[in-house]
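The values are calculated or read from the model by the stated rules, or taken from the named source; none is laboratory data. The shown structure was predicted, so the numbers you read here are calculated from the model rather than taken from an experiment. So basically every Cβ, Gly included, is an ideal-geometry build from the backbone, and we count neighbours across all protein chains shown.
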Amino acid sequence: MESDENDGLLEFYASEALTCPRRIYFRLKGYPERWPEFVRVRLNQGVNTHNVLGEILSRRFGFELETPLVLRSRKLGFEIHGRIDAFKDFPIEIKGKTSLPRVPYDYHLAQLNIYLRWAEADYGYLYYVKLHERPESIIGKLDFSDFPIVKGPNFRLFEVPYDKSLFKETLKHFYTVKKAYERDKLPRGHFSYACRFCPYRYLCYPDEE
Ligand code: SF4
């Protein structure tokens, strides 16, 4: 994959890595998003969490926030765009969740893996932070003395190495969606718990309208 010059290839987002192909298809085709109200609230809390933690990573540890990246493959006919939450030698991806996972989500690993590939870094971190109306109250209790290892309640981190085969799988996933897009053929959806949070739920579950 190359990483310069834009020439109008199909654009995917790193945050879409290994997520529901149908959802990506709907976005590419320009269907309007309809976010459920409870998701909006969570998204806002997530943004606030990113802001508070990002401020610490930037001020105290000199990380750059929202580092933009593009990986491009003319051969496959698409680009992957992303913004790394925090970057300095290695990427840190921050995820606000209502409950902390025991193991990282596959699609979060795939997203971080794209950043690792772009940065040519051997490893990076996934920081899971419990969502709260006032994120300061969670982040204020964290111990950064062993940074980038961070400890504390309502927080979990995973140190993740670059995974070449996961990157290949991610490219394959995007390529499958690209083919569906070009053929105007609706791909199969994941129909998982993630449908609750999907802005295109109204298309997959029209009877609920
Ligand atoms: S509602 Fe579910 S199956 Fe349909 S696009 Fe969204 S995530 Fe995919």
I'm trying to understand the selection: among the residues of the range 188-204, which are surrounded by 15 or more Cβ atoms within 10 Å (Cβ to Cβ), within 17 Å of the chain's Cα centre (by Cα) and more than 6 Å from the ligand (Cβ to nearest atom)?
199
Regarding the range 57-69, can at least one residue be identified that is farther than 28 Å from residue 195 by Cα, under 18 Å from the mean Cα position of the chain (by Cα), at pLDDT 95 or above and among the polar types (S, T, N, Q)?
yes
Give the residues of the range 90-103 that are touching a helix residue (DSSP H, G or I) at 6+ places or on another chain (Cβ under 8 Å) and assigned to a loop (DSSP other than H, G, I, E, B), sorted by residue number.
98
Can you tell me how many residues within the range 47-59 are crowded, with 17+ Cβ neighbours inside 10 Å and out of contact with any helix residue (DSSP H, G or I) (no Cβ under 9 Å at 6 or more places or on another chain)?
2
Just wondering, is there one or more residues in the range 131-149 that are among the hydrophobic types (A, V, I, L, M, F, W, C), under 21 Å from the mean Cα position of the chain (by Cα), more than 13 Å from the ligand (Cβ to nearest atom) and under 28 Å from residue 21 (Cβ atoms)?
yes
Among the candidates 176, 170, residue that is buried (at least 18 other Cβ atoms within 10 Å of the Cβ) and not in a strand (DSSP E or B)
170
